[in-house]
1. For an R0 of 25 angstrom, estimate the FRET efficiency from the Cβ-Cβ distance between residue 327 and residue 265 and round to the nearest 0.05.
2. Take every Cα pair under 8 Å in the chain that's 6+ residues apart, average their separations, divide by the length, and report that relative contact order as a whole percent.
3. Of the peptides 254-260, 123-129, 286-292, how do they stack up when ordered by the mean number of other Cβ atoms within 10 Å, highest first?
4. Principal axis lengths of the range 148-224 from Cα atoms, whole Å, largest first?
5. Compute the distance in nm between two label points, each set 7 Å from the Cα along the Cα-to-Cβ direction, one at residue 320 and one at residue 8.
6. Taking 7 Å along the Cα-to-C-beta vector as the label spot, tell me the residue 280-residue 199 distance in nanometres, rounded to one decimal.
7. Normalized C-alpha radius of gyration of the range 73-129, against 2.2 N^0.38 Å?
8. For the range 89-183, list log₁₀ I(q)/I(0) at each q in 0.12, 0.22 Å⁻¹, using the Debye formula over Cα point scatterers of equal strength and ignoring solvent, two decimals each.
């Protein structure tokens with residue numbers, strides 16, 4: 001898969017360049033980030049998004065804080081407040097904390113986090129390809145743009161296509177932010193994978209007609225029992241797949257598992273501005289003054305999962321035992 005990386009670091013200039021994902025697929029515009037405050041705002045505004053990519057970006061946010069002589073406690077606080085649901089953000093910042101006050105150590109750790117994302121996702125792609133076949137449906141965006149590596153669910157889909165296992169991909173548009181329409185479709189087109197865009201509410205229709213063989217999605221945070229948060233609309237897909245007897249898998253690095261959560265009930269759900277539902281690229285979709293509700297994620301119970309794709313292989317029920325073993329907690 002052609003990797004369209006969401007960022008690059010210019011060590012000489014001390015600038016972290018972000019590909020502005022709000023402008024894709026029509027424009028490829030890069031944004032310079034020079035401070036931790038600017039990084040926190042870029043994450044909050046979804047210039048960069050996707051759990052692994054947010055984690056890498058936050059780590060480099062702390063590198064920028066060192067370079068600019070910012071207050072490290074304040075920089076860490078701002079970055080932690082930028083997006084509450086994806087656990088990778090907090091893992092990355094926890095790893096950066098022992099290197100506070102040491103620019104060389106901070107940069108080395110940030111680069112290590114990025115390298116680990118790449119290596120982990122190579123393995124996820126290889127393992128995930130083994131469970132895919134025929135026509136696959138996916139939701140939101142889980143390719144290189146969302147991770148900075150090779151992608152999780154989308155990486156597996158592209159690898160399965162290369163192996164001749166997958167013939168076609170159904171891409172949910174993923175309302176209201178349209179990550180599927182703007183980003184997943186863009187990446188699949190670049191990779192040469194046959195795919196078709198659908199609105200989110202078409203999935204059940206396709207399943208009922210036997211045109212979906214397997215569903216594979218990403219994960220922003222998973223609890224120890226296998227419950228997981230992903231982009232809003234994932235829960236509905238899981239219920240539909242279960243009703244139609246279609247295998248439903250989630251792909252994630254084990255760093256996206258929160259060992260402090262026994263179930264999905266404790267996962268914080270980010271609520272984003274209502275304007276993202278009410279408007280589309282500045283065009284009003286609803287009457288003036290009409291309210292909207294925008295939870296960015298939902299939680300899918302583990303009972304709907306067929307399996308969990310990780311860098312250590314496919315995990316199967318009982319997920320609490322499988323995840324604890326994979327994390328070395330058993």
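Read the figures in this text as sums done on the coordinates, not as results from a lab. Here the structure is a predicted model, which is why all the values come from computation and not from measurement. For neighbour counting, all protein chains shown are included, and Cβ atoms are generated from backbone atoms with ideal geometry for every residue, glycine included.
1. That pair, residue 327 with residue 265, gives E of 0.80.
2. So the answer I get is 16 percent.
3. Packing proxy ranking, top to bottom: 123-129, 254-260, 286-292.
4. Dimensions of the range 148-224 along the principal axes of its Cα atoms: 33, 32, 29 Å.
5. So the two model labels end up 4.8 nm from each other.
6. About 0.9 nm separates the two model spin labels.
7. Here the answer is 1.33, to two decimals.
8. Computed log10 I(q)/I(0) values: -0.49, -1.03.
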